[in-house]
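Q: I have a structure I would like to understand better, so I am pasting it below and will then ask my questions one at a time.
The values are calculated or read from the model by the stated rules, or taken from the named source; none is laboratory data. Given the structure is predicted, the values throughout are model-derived calculations rather than measurements. What goes into the accessible areas is simple: the full protein's heavy atoms, side chains included, and nothing from ligands, DNA or RNA. Shrake-Rupley method; radii C 1.70, N 1.55, O 1.52, S 1.80 Å.
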Amino acid sequence: GRASSSKERAQDQSVWRSKFWSTLSGLVRRPLPDLSDKLVAGGTQAHASSESNDKSGSDGSSITLVRTSAFHGCLNDGSLLVMRLHEWWDHLATGTPSSEEVGTPSKKARKKGSSGVVLSCSQVLDDSDVALRKRCIELCRSVLSASDHPLAPRQRNALCNLPLCIALFMVGVEDVESKLALREHLQELETALEKLVAASTNAQSKQNKSGKVQKAISEALTVVPRIAAELFVNGSGLVKEAARAAWRELGDFIPAETLSSLCASVRGGGDLDADDDNEDKNGDEDEDDDDDEADDPNAAAKTEQFERATAALKLQREAEKASHGANDDPAGSDDDIVLMDNDTMFQQLLGESEGKNSKSLLTSFADSGLDDADANGQKMSKRQKRLRQRQEDVLGKFRELELLEVFLTRFGDKKNIGVEILQELYSALAICCRRAARSAGAGQNPDEDSSKTKRKGRKVSRVDNTLRQLEATLAQRIAKVLQKALRHVSGPSAISKIAGWHDADDWAKFARTLFADSLTSKVASAGQRPIEVGSLLLYFFCAAHHAAAHGAANEAGWEVADEIALTALQDWSSKKDCERWCEGVLTVFAGRIPSVLLKLPWLEHIRSCSSRPFVQRAQVSFLANRLSQPLPKGPASEGTVQLAEGFAELCADLLESTLKDDAADAIMSASHKHKLRREGLKGLKAAMKTRTRRGETAAATDAVAKRMVKVATKVRDALPARRGEVYQLCLHVLRSLPQSNAGASTENKSSKEKRLRTSSDDDSQGAKRRRDQASTNENATTVKKIKVSGPKSGPQVAKGNKTAFKDM
């Protein structure tokens, strides 16, 4: 009874303990409800007015969402919830009345189950940990209560919340190594708080200058972000939330070494070929474990020793059998049998013997089952263990990336190390996407059962598939973080400040290096996501160079952007495996600096790509899409009308090339001809739209208009059917030009001739159809005459109404 009650009590305590820690973690993560109501009511509206948003509820009432991180984990009066818990703990440990003062419980209390036991707090901390906790509480209380402190209130709350949460969390930690690590972090935070208190005390005196005080504070708080990063990545629950708040609020004091180590950890190894070779080598080693064990000299020696022992035992038993003789009583072997009663059996099973080193059979059996390598299932191979470790590393990278995202969002435009972080994250994105693309190209089909797919003759495990999915998700997460950070730092106000971090030559070097590195096959094989992010990063470098050299407000002076755009167009026309990268760069430049796009020699490069039809069609489609979009008016868009005029003539030439009946036309496939006609007609449509938007006519001259009408008419007549996208584009071009009446009359004439030709063809079959119709009508008339014949007798005939009845 006592054992079962103690077991149930332990289970109840475990359940309540897990609920307590989860609830406390949720409360520390956000402002408490009472404080939120106070902020809405205007108690501290100055702090949260810019971060609140009013919405209307379903019942029409106004709902105010407080979007501020300054009061996370704070009560209504601004004090920390964790500090109140520590005070409550001290009250229970020192100020709880004794059982004599409490007295005997009443009869009503006894009916409800109260036994009169005094509430107490069981301290599981050592004396040194208790003393360390008290020192940290006093230091935090002095920091929070300071009236004139160099740090902001939100920074002090986040700083003091971290050691208080660690000291409270140590109560529930049972692992010795985990508690030792938390104790070391708490000691480092104690030292940092002591230095901070000393620096703040010196700041209040007039003898010290503010510069020295800020330097002392920075040196004291340098260790805090590093500890917060370690606890956030490796911790959980209450400590993790406190570490997140400390990292967010103390971003000004984060050392560059900590950020660089986080970037290196997210980036990981960049040599994918070496990783695959090592994986294949290790996989072969796992498959040949039996052969390796056979070739191992130690294994061979053990095998030989076992064989000798087996042979000696066999010889010994044969000698014993020979010594007893053949006539020995076979029942003599029963002397070795030990008979045990029930009490002796229970003593052996439960271990109730008097020996000091005695151990029960059940305990030995349980220990052997738990300690055995195969206790939890099939033994994992070396490769599976490596994949499991890599899976844990990838999960850790998600948390490290979250820390970098917080830093870039809040301090990306304030500290110059943000540029290095952007470059490192872009490299990490390329590596993750390449690894995901390589695994996808290894024969894995998401529609099929992943456990049945094989890679290089080896079965792919579930752990391997889960790892690939995690890496793909990590690549998406890195791309989103980079896009969000680049939008934040590429604004005009941010660019003007960031441009001063480096010289114009350094920004130009960053841009040229990024463009050259992205032309390789490594980025091309990584997919579309690194291309989009890399193009945004390249524009950021060009914008920083422009702001550093000419100022952010000056519209001219995009030398590096002009150079890179021209190089991209040339490489797009000549080099292989770089079409998507060049197109992505030009797309970003066209949306942000269209003047750079209009200066490029588009017509010459498109004409020179006749030997590469796919690239030629892609460039025509790209330029047509850019001209279709509204371009800004002013000096930045000079030459747009001339470009549209030349582009219309180019499209007309391309359309005429699809109508020629020569050897080149025979080589051109029907699919390519159809696609080229479609892109050419879209180009004509975009060129005419651009000219009319600028106040010009659809065509530059009457000769150009006649040529465009002629080409569109020929393409329309050459179509096998008068429907589809190409046919509609032809009609649009003909209706947009002044010479479209001729095309319309020609179309009507051809339609009339077609109808006449169709009616003449039907004359040969019309005679037979008319004869069949006549015979059908004759049979119907006969049947009708039979039906309308009147009765030969009856009352109508007797009355002389026979004729009238027939007429009916």
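Q: How do His546, His502 stack up against each other in accessible area, from largest to smallest, with a 1.4 angstrom probe?
A: I get His502, His546, largest accessible area first.
Q: Additional query: I'd like the accessible area for Asp252: 1.4 Å probe, protein heavy atoms, all chains in place, Å² to the nearest 10.
A: Number for this one is 80 Å².
Q: Just reorder His732, His149, His91 by solvent-accessible area, largest first, 1.4 Å probe, all chains present.
A: In descending accessible area the options line up as His91, His732, His149.
Q: Can you work out ³J(HN,Hα) from phi for every residue in the stretch 560-573, in order, using Karplus 6.51 cos²θ - 1.76 cosθ + 1.60 and θ = phi - 60°, giving whole Hz and x for Gly and Pro?
A: For the stretch 560-573, the Karplus curve yields 5, 5, 4, 5, 5, 5, 5, 5, 5, 5, 5, 5, 5, 8 Hz.
Q: On to the next question. Using θ = phi - 60° and the Karplus form 6.51 cos²θ - 1.76 cosθ + 1.60, what ³J(HN,Hα) does each residue of the stretch 6-15 get, whole Hz, x for Gly and Pro?
A: Along the stretch 6-15, the couplings run 5, 5, 5, 5, 5, 5, 5, 5, 5, 5 Hz.
Q: Express in Å², to the nearest 10, the accessible area of Lys385 obtained by rolling a 1.4 Å probe over the protein heavy atoms while all chains stay in place.
A: Surface open to solvent at Lys385 totals about 110 Å².
Q: With every protein chain left in place, what is the accessible area of Phe169 in Å² (1.4 Å probe, nearest 10)?
A: Here the accessible area works out near 50 Å².
Q: Give Lys19/Lys480; Lys240/Lys397; Lys397/Lys509 a once-over and call out the pairs whose C-alpha atoms are over 23 Å from each other.
A: Pairs exceeding 23 Å: Lys19/Lys480; Lys397/Lys509.
Q: For the stretch 588-606 and the stretch 674-704, what is the separation of their C-alpha centers, rounded to whole Å?
A: 18
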